[in-house]
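Visitor: My questions will all concern the structure given below.
What follows draws every value from the coordinates through simple rules; no lab data is involved. Being a predicted model, the structure only gives us computed values, none of them experimental. Cβ: placed from backbone, ideal geometry, glycine included. Neighbour counts: every protein chain shown.
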Amino acid sequence: MVTLMLDSTHLEIVLAPAEKALAFRKRNVTVERSTITRVQLTDDAWTWLRGVRAPGTHIPATLATGTWRYAGGKDFVLLRRNRPGVVIDLDGHDEFQRLILTTRHGVALAQALRLEAGDEPVDVADIVS
């Protein structure tokens, strides 16, 4: 399961070692809060996939993780089976235009982004509770 860490300036998607391997990434995904333009909750995150994986792993309707390239840029994707998700649109991020994640903490993320966070990264689920 994806861990979302939030502080006053950044949102970090903390990837487990297996997730890093499947996504072909060495580091976690970090975005500045100022680049987040919209957070949308979805019951079917699979419908938001666009383009082709490059690099990443895709097992249809089971797992999609990594970078998805399309004509307008790149998205970071971390989807598992048929779970609720969150779509985060970015503007001005140097690597991605959108983050598409399955997480049970989507509502907590949307609420936490409205709150002022401290300087130390905190798990999104802990901020709201």
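Visitor: Hey, with R₀ at 22 Å, roughly what FRET efficiency would N82 and R38 work out to, going by the Cβ-Cβ distance, to 0.05?
Guide: 0.40
Visitor: Show me, for the range 58-70, the HN-Hα J-couplings you get by feeding each phi into the Karplus relation (A = 6.51, B = -1.76, C = 1.60, θ = phi - 60°), rounded to Hz, glycine and proline as x.
Guide: 9, 10, x, 6, 10, 8, 9, 8, x, 9, 10, 9, 9
Visitor: Limiting things to C-alpha atoms, what are the Rg and the maximum Cα-Cα separation (Dmax) for the range 5-74, in angstroms?
Guide: Rg, Dmax (Cα atoms, Å): 13.2, 36.
Visitor: Restricting to DSSP H runs of at least four residues, report the calculated mean residue ellipticity at 222 nm for the chain, -39500 (n - 2.57) per run over all residues, nearest 500 deg cm²/dmol.
Guide: After summing the helix terms and dividing by residue count, I get -4000 deg cm²/dmol.
Visitor: Write down the percent of antiparallel bridges among all DSSP beta bridges whose residues are both part of the range 3-128, to the nearest 5.
Guide: Beta bridges within the range 3-128, antiparallel portion: roughly 90 percent.
Visitor: In addition: In the P(r) worked out for the chain, what percent of Cα pairs fall beyond 17 Å?
Guide: Here the long-distance tail beyond 17 Å is 54 percent of all Cα pairs in the chain.
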